[in-house]
Amino acid sequence: RKEVEQDPGPFNVPEGATVAFNCTYSNSASQSFFWYRQDCRKEPKLLMSVYSSGNEDGRFTAQLNRASQYISLLIRDSKLSDSATYLCVVNPNTGGFKTIFGAGTRLFVKA
Amino acid sequence: GAVVSQHPSRVICKSGTSVKIECRSLDFQATTMFWYRQFPKQSLMLMATSNEGSKATYEQGVEKDKFLINHASLTLSTLTVTSAHPEDSSFYICSARGTGRDEKLFFGSGTQLSVL
């Protein structure tokens, strides 16, 4: 089993749609969780951290379920500019050096 | 926010030559930096962890003699691809871990290496 697994893509959605991505992690001791966005041939950019209480940033909502060891990202009112690959990122433990990346989920938002 | 500078952004070289890629943390000290490679339509693959003042830690399957990492200061790590071959052509990205509670990663802008 991979340490971090994401929904296989691609997701093709129309503008204005709501889309959700899930990500599961295998290490129950993992401490920090993030969603990154990566555009083609660009570096990943932090989209948002994921907190235990869940957090929202505009059209984006991230949630963490420690019991089930998964995190989610919800995008509301999708825009064309949301088209990208979304990476689930897990830090296994505080102070640890190895950050684990999911394989990424590609999203295509179409007019 | 923290900034990581990586250059060059693009390199085209002949087979057999060596290529050096630099990664700098501009406004913070990074005792640990990471080097990744990414092939088209695939995710980031961690190659090695660069530790300031000590030897890098390489991931399984990554040849340390081929991918030389030097982290001589708290703001600079370099990756040298020695005797490059066409199969080394890839997108290489560095990152540095920020400080504080969230331990976010800050990425360089990446280097597209093409070996002819």
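The values are calculated or read from the model by the stated rules, or taken from the named source; none is laboratory data. The structure displayed is predicted, hence computed values, not measured ones. Ideal geometry is used to build each Cβ from the backbone, glycine not excepted, and the neighbour counts take in all protein chains shown.
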Sole residue being surrounded by 15 or more Cβ atoms within 10 Å (Cβ to Cβ) and closer than 29 Å to A:Gly9 by Cβ, chosen from B:Leu46, B:Leu79
B:Leu46
Any chance A:Ser52 is out of contact with any helix residue (DSSP H, G or I) (no Cβ under 6 Å at 6 or more places or on another chain) and either in contact (Cβ under 8 Å) with a residue 40 or more places away in the chain or closer than 26 Å to B:Ser5 by Cβ (or both):
no
Mind checking whether some residue in segment B:10-17 is under 12 Å from the mean Cα position of the chain (by Cα) and surrounded by 15 or more Cβ atoms within 10 Å (Cβ to Cβ)?
no
Residue in segment A:91-107 that is surrounded by the fewest Cβ atoms within 10 Å (Cβ to Cβ), counting only those that are part of a strand (DSSP E or B) and modelled with pLDDT of 90 or more
A:Arg106
Could you run through segment B:57-99 and say how many residues are outside any strand (DSSP E or B), of a type outside the set (Lys, Arg) and either touching a Pro at 6+ places or on another chain (Cβ under 8 Å) or away from chain A (no Cβ under 11 Å) (or both)?
16
So, in segment B:18-49, exactly how many residues are over 12 Å from the mean Cα position of the chain (by Cα) and at pLDDT 95 or above?
1
With criteria (1) part of a strand (DSSP E or B); (2) free of Cβ contacts under 8 Å to residues at least 24 places away in the same chain, B:Ser50 comes up short on (2)
Conditions (1) on the phi < 0 side of the Ramachandran plot; (2) without any contact (Cβ under 8 Å) to a residue 12 or more places away in the chain: number failed by B:Lys41:
(1)
Looking at segment A:67-74, is at least one residue crowded, with 18+ Cβ neighbours inside 10 Å, in contact (Cβ under 8 Å) with a residue 24 or more places away in the chain and farther than 16 Å from A:Thr18 by Cβ?
yes
Matching entry among A:Phe34, A:Phe11 (being buried (at least 18 other Cβ atoms within 10 Å of the Cβ), within 14 Å of another protein chain (Cβ to nearest Cβ), within 19 Å of B:Ser43 (Cβ to Cβ) and modelled with pLDDT of 90 or more):
A:Phe34
